[in-house]
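The values are calculated or read from the model by the stated rules, or taken from the named source; none is laboratory data. Because the structure is predicted, anything quoted here is derived from the model rather than measured. Glycine gets a Cβ as well: all are built from the backbone with ideal geometry, and neighbour counts include every protein chain shown.
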Amino acid sequence: MSGKVWADFRRSVSMTMEGKFREYEKAPRRERNEVTTSPYQYTQIPSTPTSIRLLHILPGTLLQDIECRLVDADLDVDNDGYEALSYVWGDVSETTPIQVNGNTLQIGKNLRCALLNLRLADRPRILWVDAICINQEDLDERNQQVSIMGRIYQSAQRTVVFLGDEVVRKDMPENTVTAFALINALAKDAAEAANNTSKEIVPLGKGEAWTRYGDDGSSVVTIMRVDWWKRAWTAQEIVLAKRAMLVMGRYQVDWDLFCAGIHYGEALELTAWTSALFGGIMESVPAPFHEVETIRNVSVNPSPNPADELVSYLNFTKNRKAGDPRDKVFAVLGFADRLQAVGITADYRSPVVDVYRDAAKKIIEVSGSLDLLGLCFFFEQPTADGLPSWVPDFGPSEHTAQPLMLDAIGRQRTTHASQGAKASPQWDEDGEALVIQGHVVDKITSLSAIQTLYDKDPLWDYDFADYERLQTLWKHDNDNPLQTAKDILGDVKWLGGALKKEGSKAVGCMHAGVSHLEVYVKWEEFADELKPTNPDQTDCNPLSILRSTLCAGTLAPGGLQATEDAFMDWRETLSPIKKLMALKVDKRPDLFKSLGFMGHIKSTWREMGDFWPYLSIVINRRLGATERGYLCLLPKHTEVGDQVAILKGGRVPVVLRPRDDGGFRFIGETYVHGIMDGEAFVEEKCVEIKLI
C-alpha cells in the first residue's frame with residue numbers, strides 16, 4: 001500500500017468514526033429530473049483510434065436535476081484527469097431522463113443513482129461512463145470503443161466503483177454505515193500492526209475493530225452481496241485501475257484500504273466471515289473479493305502464451321453475468337494488450353454461436369493446448385443452441401466443475417497426460433467439427449452418485465440469527481469448560497427449536513449438507529467394492545487411490561504423507577454418517593439428516609481438518625469405474641459406455657461419447673490416477689478423432 005494512501009487514511013481517522021459516516025446520512029433527493037427537452041443526438045466521434053468522449057457532471061445537490069456535458073477527448077493528449085466509472089447497468093428496460101448538452105438522454109436507474117451520488121456540490125466531476133460515452137446504437141462505434149476499453153481504464157486517474165445506493169436495515173446487520181465503519185476500523189488496526197516492529201497483527205480480541213465488531217462481522221455482506229462482484233465487465237475494470245475507490249451511496253473507501261481491511265479481518269477470524277460448514281462447501285463472506293485477487297494475480301503473472309492467459313481469464317470470470325452473452329468473451333479481451341495476438345476482436349454484429357465458436361478455434365490454434373476444453377459444460381438451458389460439444393458455452397453463470405488444468409486449490413497442473421504434445425487442430429468445412437489426434441484408452445463400465453454444490457443460495461441469504469448460531473457450534477471457548485457447557489446446552493436447545501421452525505434456511509442448509517456428506521460415504525463404498533487397479537508406482541493401496549482421486553492428485557504442502565494424514569482425519573469425520581447409514585437410518589430422511597448433522601458437528605467440534613479445501617474439485621462430478629478396473633473422477637453427465645481418451649495437446653484425459661456417424665461428442669475432463677502424466681499415451685496409437 002502506498003505511503004500517500006496511508007497518510008490520507010490517518011488524516012481521515014482523526015474524526016470520530018461514527019461522526020465521519022453519520023454526516024452522510026440518507027437525505028431527501030430528487031429521484032427523477034423534472035425538466036426534459038428534445039432528445040439528445042450523438043455526433044460522430046473523431047476517427048482517431050484513441051478518441052473517446054468524457055462526461056462532465058455539473059455541480060448540484062441531491063435535490064436538483066442532473067445536468068451534464070459530453071465532450072470529445074483523446075487518450076493520447078491531456079484529458080483533464082478523468083475518472084472511470086465501474087458499475088452495474090441493471091435493468092435498462094425502464095429508463096429515466098438526464099440533461100446532456102441541454103438535451104434529454106434516457107439512462108438506466110442504476111446509472112442515475114450513481115451520477116446523483118457522485119456529483120459534487122461545488123465543481124464539475126469528469127467521468128468516463130460506458131453507457132453514455134459510447135453511442136450504444138452505433139455498432140461500429142461500439143465495437144471500436146470496446147476494443148480500447150482496457151486502455152480507457154488504465155489511463156483513468158482513478159476508477160470509481162459504484163456498488164449501489166446505501167442500505168439501511170435497522171433490524172439486520174446489513175447496513176452501509178456499519179459495513180464501512182468496520183472496514184475502516186480494520187484498516188486502522190492493520191496500519192497500526194504494520195507499524196509494529198514486532199511484525200505481529202493486533203492480538204485476537206484486541207484492537208478497535210475486534211472490540212467493536214469481533215463478535216459480528218456480518219455487516220460486510222452489505223458490500224459483498226451487490227451485483228458488481230458478479231458482472232463480467234467489472235473484473236477488467238478493477239484489475240486495470242491505477243487507483244480505485246469503492247462507493248456505496250454517499251459512503252466511500254479507498255480500494256487499498258478496503259483490501260487491507262479484508263485481509264486483516266480474515267487474520268482476526270471475525271465471526272461470520274469464514275465458514276467450514278460441512279467441509280468448506282459454503283463460501284466465506286469475502287469470497288467475491290478473493291475472486292478479484294485471483295484474476296489480478298493472473299494479470300501480474302501471465303502465461304507465456306497469450307491464448308493460455310486468455311483461458312485463465314475466461315475460467316475465472318465464467319460465473320459472472322453479462323446482459324449480452326457475447327460480453328462473456330469480449331469483457332476479458334482488454335485485460336492486457338498482449339491478448340490481441342490471439343486474434344479475437346469484439347464484433348456485436350456476430351451471432352453468439354459464431355462468437356463462441358470462433359473464439360474457441362483461435363484459442364486452440366494459438367495455444368496448441370486443449371485446456372479450453374475444461375470449460376465445456378452441459379447446461380440444461382444453454383445460451384446458444386447449436387454449439388459444437390468442444391466449444392464452451394460461456395454464457396451461463398451457474399456453478400460448473402473446476403477445470404482440471406488446475407489442481408484442487410487452483411495451481412497449474414504440472415503433469416501432462418499426452419506427454420507435453422502440442423495440439424494440431426483441423427476443422428471441417430463449416431468449422432463445426434474439431435479434428436484432433438489421439439487414442440482411446442478405456443471405457444466406462446459403472447458409475448456412482450453425483451456430488452453437487454448443495455448451497456446455491458449466497459451465504460448472506462440465510463437468516464442471520466440461525467446462521468450465526470450454527471457458526472458458534474464450532475467456536476466454543478475450550479479454555480472455559482463451564483461456559484462451554486452452557487453454550488452447548490444453549491445450542492442444543494436452539495437446534496431443537498430450529499428443527500421445528502418451518503422454512504428455516506439454516507436448518508435446510510444443514511439437512512442438504514448431510515446429503516452432501518452421504519455422497520462421500522457412497523463413493524468410499526463404491527471404491528471399496530471396485531478395489532481399483534489404477535497403475536501407481538508409489539502406493540497401490542485402494543484407499544490411497546481414492547484419496548488421490550478425490551483431490552485430483554493434489555498434494556498438501558507436507559507432501560504425500562501429509563496429504564494421506566489429512567485425508568484420514570477428514571475421513572474420520574464421516575463416521576457418524578457411516579454409522580447411521582449402516583443402521584438404515586437414511587431410510588428416514590428427516591431423522592437421518594438431523595442426527596447426521598449433530599454427529600458431524602461432534603466429529604468436527606474442534607476443527608474441520610486440512611483435507612476439506614481439496615474437495616472443491618469434485619463438485620459437479622461423479623466417481624466411476626472402467627473396464628480395466630480404474631477408479632476415475634468423471635463429468636456429472638458421463639454415461640456407461642462412454643470412452644476415456646487421451647488427445648494430443650491435452651493436459652488430462654477426457655471422456656468422449658461415440659456417435660453413429662463415427663465422430664464423438666465431448667463430455668468433459670476426467671482424473672484417472674496413474675495415467676495423468678503420459679503413462680498411457682502412445683504416439684503410434686494416435687488416430688484422427690472428430691469432435692462434433
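Taking into account only those residues within the stretch 221-242 that are within 18 Å of LEU111 (Cα to Cα) and of a type in the set (Lys, Arg), which is surrounded by the fewest Cβ atoms within 10 Å (Cβ to Cβ)?
Result: LYS230.
Please specify each residue of the stretch 310-342 satisfying the condition of being under 23 Å from PRO396 (Cβ atoms), of a type in the set (Asp, Glu) and in a helix (DSSP H, G or I).
Passing the criteria: only ASP327.
Restricting attention to the stretch 379-405, which residues are in contact with a Pro (Cβ under 8 Å, 6 or more places away or on another chain) and either modelled with pLDDT of 95 or more or among the hydrophobic types (A, V, I, L, M, F, W, C) (or both)? Walk me through how you get there before you give the answer.
Just the residues of the stretch 379-405 that are in contact with a Pro (Cβ under 8 Å, 6 or more places away or on another chain), to begin with: 379, 381-384, 393-396, 401.
The answer is PHE379, ALA384, ASP393, PHE394, ALA401.
Can you name every residue in the stretch 406-416 that is buried (at least 20 other Cβ atoms within 10 Å of the Cβ) and more than 17 Å from the chain's Cα centre (by Cα)?
Scanning the stretch 406-416 gives a single hit, ARG413.
Within the stretch 37-56, work out how many residues are more than 21 Å from MET149 (Cα to Cα) and either surrounded by fewer than 15 Cβ atoms within 10 Å (Cβ to Cβ) or touching an Asp or Glu at 6+ places or on another chain (Cβ under 8 Å) (or both). Talk me through it step by step, then tell me what you get.
Just the residues of the stretch 37-56 that are more than 21 Å from MET149 (Cα to Cα), to begin with: 37-41.
When the remaining residues are screened for being either surrounded by fewer than 15 Cβ atoms within 10 Å (Cβ to Cβ) or touching an Asp or Glu at 6+ places or on another chain (Cβ under 8 Å) (or both), the result is 37-39, 41.
Qualifying residue count for the region: 4.
Output the number of the condition that GLU429 fails; it satisfies all remaining conditions of (1) within 17 Å of the chain's Cα centre (by Cα); (2) without any contact (Cβ under 8 Å) to a residue 12 or more places away in the chain.
Here GLU429 meets the rest and fails (1).
Which number in (1) modelled with pLDDT of 90 or more; (2) surrounded by fewer than 21 Cβ atoms within 10 Å (Cβ to Cβ); (3) among the small types (Gly, Ala, Ser) marks the one condition that ALA260 misses?
Going through (1) modelled with pLDDT of 90 or more; (2) surrounded by fewer than 21 Cβ atoms within 10 Å (Cβ to Cβ); (3) among the small types (Gly, Ala, Ser) one by one, ALA260 breaks only (2).
Please verify whether GLU684 is farther than 18 Å from VAL391 by Cβ, acidic (Asp, Glu) and not in a loop (DSSP other than H, G, I, E, B), treating the condition exactly as stated.
Values: farther than 18 Å from VAL391 by Cβ: yes; acidic (Asp, Glu): yes; not in a loop (DSSP other than H, G, I, E, B): yes.
So GLU684 fits the description; yes.
In the stretch 364-378, what count of residues is obtained for those that are surrounded by fewer than 20 Cβ atoms within 10 Å (Cβ to Cβ) and either closer than 21 Å to THR554 by Cβ or modelled with pLDDT of 95 or more (or both)? Outline the logic, then answer.
Just the residues of the stretch 364-378 that are surrounded by fewer than 20 Cβ atoms within 10 Å (Cβ to Cβ), to begin with: 365-366, 368, 378.
From what's left, either closer than 21 Å to THR554 by Cβ or modelled with pLDDT of 95 or more (or both): 365-366, 368.
So the count comes out to 3.
Assuming GLY90 fulfils every condition listed in (1) at pLDDT below 95; (2) under 21 Å from VAL253 (Cα atoms) apart from one, which condition is it?
Only one criterion is unmet by GLY90, namely (2).
Please specify each residue of the stretch 83-95 satisfying the condition of being of a type outside the set (A, V, I, L, M) and surrounded by fewer than 17 Cβ atoms within 10 Å (Cβ to Cβ). Working first, answer last.
Taking the stretch 83-95 and keeping what is of a type outside the set (A, V, I, L, M), we get 83, 86-87, 89-91, 93-95.
GLY90, ASP91, SER93, GLU94, THR95, listed by residue number.
Of the conditions (1) under 19 Å from the mean Cα position of the chain (by Cα); (2) within 27 Å of THR414 (Cα to Cα); (3) in contact (Cβ under 8 Å) with a residue 60 or more places away in the chain; (4) assigned to a helix (DSSP H, G or I), ALA307 fails just one. Which one is it?
(1)
Anything in the stretch 282-316 that is surrounded by fewer than 19 Cβ atoms within 10 Å (Cβ to Cβ), within 20 Å of MET405 (Cβ to Cβ) and out of contact with any Ser or Thr (no Cβ under 6 Å at 6 or more places or on another chain)? List them, or say none.
HIS290, GLU291, GLU293, THR294, ARG296, ASN297, SER299, VAL300, ASN301, PRO302, SER303, PRO304
Got a sec? Which of ASP393, ASP358, ASP354, ASP385 is assigned to a loop (DSSP other than H, G, I, E, B) and surrounded by fewer than 21 Cβ atoms within 10 Å (Cβ to Cβ)?
Among ASP393, ASP358, ASP354, ASP385, only ASP385 is assigned to a loop (DSSP other than H, G, I, E, B) and surrounded by fewer than 21 Cβ atoms within 10 Å (Cβ to Cβ).
Do we find that GLN419 is surrounded by fewer than 19 Cβ atoms within 10 Å (Cβ to Cβ), out of contact with any helix residue (DSSP H, G or I) (no Cβ under 6 Å at 6 or more places or on another chain) and at pLDDT 95 or above in this structure? Can you show your working first?
Values: surrounded by fewer than 19 Cβ atoms within 10 Å (Cβ to Cβ): yes; out of contact with any helix residue (DSSP H, G or I) (no Cβ under 6 Å at 6 or more places or on another chain): yes; at pLDDT 95 or above: yes.
When the stated conditions are applied, GLN419 passes them.
THR538: of a type in the set (Ser, Thr, Tyr) and either buried (at least 21 other Cβ atoms within 10 Å of the Cβ) or at pLDDT 75 or above (or both), yes or no? Give the steps one after another, and end with the answer.
Working: of a type in the set (Ser, Thr, Tyr): yes; either buried (at least 21 other Cβ atoms within 10 Å of the Cβ) or at pLDDT 75 or above (or both): no.
Answer is no for this residue.
Does any residue of the stretch 433-446 turn out to be in a loop (DSSP other than H, G, I, E, B) and modelled with pLDDT under 95? Give the derivation first.
As a first pass, look at the stretch 433-446 and keep what is in a loop (DSSP other than H, G, I, E, B): 433.
Retained after the next criterion (residues that are modelled with pLDDT under 95): none.
No, the stretch 433-446 has no match at all.
Just for the stretch 21-77: of the residues that are touching a helix residue (DSSP H, G or I) at 6+ places or on another chain (Cβ under 7 Å) and assigned to a loop (DSSP other than H, G, I, E, B), which one is modelled with the lowest pLDDT?
If we take residues in the stretch 21-77 being touching a helix residue (DSSP H, G or I) at 6+ places or on another chain (Cβ under 7 Å) and assigned to a loop (DSSP other than H, G, I, E, B), then ARG29 is modelled with the lowest pLDDT.
Using the structure shown, decide if ASP385 is among the charged types (D, E, K, R) and closer than 23 Å to PRO425 by Cβ.
On the way: among the charged types (D, E, K, R): yes; closer than 23 Å to PRO425 by Cβ: no.
Criteria not met by ASP385.
Within the group ARG651, ARG588, which residue is at pLDDT 90 or above and either buried (at least 21 other Cβ atoms within 10 Å of the Cβ) or not hydroxyl-bearing (Ser, Thr, Tyr) (or both)? First the steps, then the outcome.
Working: ARG588 fails: at pLDDT 90 or above.
Going through ARG651, ARG588 in turn, the sole match is ARG651.
Checking GLU94 against (1) free of Cβ contacts under 8 Å to residues at least 60 places away in the same chain; (2) in contact with a Gly (Cβ under 9 Å, 6 or more places away or on another chain); (3) within 29 Å of PHE335 (Cα to Cα), which test does it fail?
Condition (3) is where GLU94 drops out.
Quick one: which helices (runs of 4 or more DSSP H) sit completely within the stretch 93-195 and have at least 3 residues that are more than 24 Å from LEU240 (Cα to Cα) and either outside the structural domain of ALA241 (by TED's automatic domain parsing) or within 28 Å of the chain's Cα centre (by Cα) (or both)? Don't jump to the end; show me each part of the working.
Working: elements: 109-118, 130-133, 139-147, 149-155, 176-194.
Passing ranges, in order: 109-118, 176-194.
Please verify whether ASP610 is at pLDDT below 95 and over 20 Å from SER448 (Cα atoms), treating the condition exactly as stated.
Details: at pLDDT below 95: yes; over 20 Å from SER448 (Cα atoms): yes.
Yes; evaluated as a whole, the condition is true for this residue.
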